[in-house]
Amino acid sequence: MSALATLLLRSYTAALKAPVGTHEEKVIRDIHDALLKAISGTHLQRTVTEHIDGLFSQHRKIQGQEYRDLVASFKEHDIVVFKEKFSAYYLRSLGLKANTIIDVGANNGTEPLFEAFPKSKFVLIDPLQDELDSCKDNYPSLDADFHCIAVGAEQGHLRITKTSVTGHSSAMDRHVNEGGESISVKMDRLDNLLLKHDYKAPYGVKIDTEGYELEVLHGLTGALDKVEFVIAEVSIKKIFKHGYKFSDMVAFMATHDFQLFDVLNAAGHQPNHFDCLFLHENNPLFGMTPR
C-alpha cells in the first residue's frame, strides 16, 4: 500500500473510533485534512481519486449523508469520486427477489449478479459461442441456461461486427472504427425466448449490448410487467452511429412504469456510459427513509 493510501486509511480508522456524536464531523475533517496534505499537484489527482474509491470499497460504514458530505468535500478540491455499486454487496442490500436473472450480452460472465442471486436461475444470452463457452468454463457450477442468439425488437437475423476486443462486438457502427469481422447471427425477441422456456418470474434483466440496449428492450415489452429490475449499460457519449440518446432510454422505461433508481458504475469526470439500475416506479425503495 502506498504512503498516500496508508495515510487515508489511518485517518479514517481513527475517525471510526471517535465518540458517536463527533463521528461524522471527524471523519470528514480527518480525511479532508489528509487529502490537503497529500495533494501537491494535479499529477496526483488520479491516484488520490483511486485511493478514495478503494477506501469506500473497504469500509462499508461510509454511506448515507456521511458519504454525500465526503464527496461534496472532495469536490471542493476538484476531486470527483463515485462509489462503485455494481457489486454483489450493494445488490443484495436492496433486497431484490428475482427468481430468474436474464443476462443479455453475457460475455465471460457477470460475477456480481452470480454472487448477489445465488438461488436464482440464470439465463445467459450472447450471439458469440466462444464467449458463452468461456463463461461456462469460468462458472461450471452455475445454475444457468446458455442461449447463443441475439435478441432484439424482431425475429430474423442480425449482422454484428465481431471485434478482437472482448465485449466490444456490436450490431452498431462505432464512430471510432475498431475493425473486425462482419457476421450474421440468429435473432429473436426476448419475449419469445422467455415464453418458450417458461422461466419463473419475477425477472431481473441485465443488458450490455454495445449500443443495442434499447432494441433489446423493445423485444421485451410483453414481459416487462414481470420484470423486477433492469440493469442496462446506457450510452452517454455518441459512441455509435445512429445510436439512442440517454433520454430515449429513460423515456422508454418511464412509458413502461420504470424509473432510474441508481447509477452503478464508478464513472469518471466525462463518462462514456452509465450502468443504470431501473426499478418499477411503485417499488418501496423509491420511498424516503430517515437519515
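Using the structure shown, decide if residue 165 is without any contact (Cβ under 8 Å) to a residue 24 or more places away in the chain, under 21 Å from residue 265 (Cβ atoms) and not aromatic (Phe, Trp, Tyr). Here the answer is yes, as residue 165 does meet what is asked.
Considering only segment 250-275, how many residues are modelled with pLDDT of 95 or more and closer than 23 Å to residue 173 by Cβ?
1
Any idea which of 226, 200, 241 is in the same structural domain as residue 122 (by TED's automatic domain parsing), of a type outside the set (A, V, I, L, M, F, W, C), in contact with a Lys or Arg (Cβ under 8 Å, 6 or more places away or on another chain) and under 23 Å from residue 99 (Cα atoms)? After applying the criteria, what remains is 200.
Could you tell me whether residue 168 is within 21 Å of the chain's Cα centre (by Cα), under 24 Å from residue 235 (Cα atoms) and surrounded by fewer than 17 Cβ atoms within 10 Å (Cβ to Cβ)?
yes
Out of 223, 232, one residue alone is closer than 18 Å to residue 127 by Cβ, touching a strand residue (DSSP E or B) at 6+ places or on another chain (Cβ under 9 Å), among the small types (Gly, Ala, Ser) and buried (at least 17 other Cβ atoms within 10 Å of the Cβ). It is 232.
Enumerate the strands (runs of 3 or more DSSP E) found wholly within segment 197-291, keeping only those where 2 or more residues are small (Gly, Ala, Ser).
Hits in segment 197-291: 227-235.
The values are calculated or read from the model by the stated rules, or taken from the named source; none is laboratory data. Values in this document were obtained by computation on a predicted structure and should not be read as measured data. Glycine gets a Cβ as well: all are built from the backbone with ideal geometry, and neighbour counts include every protein chain shown.
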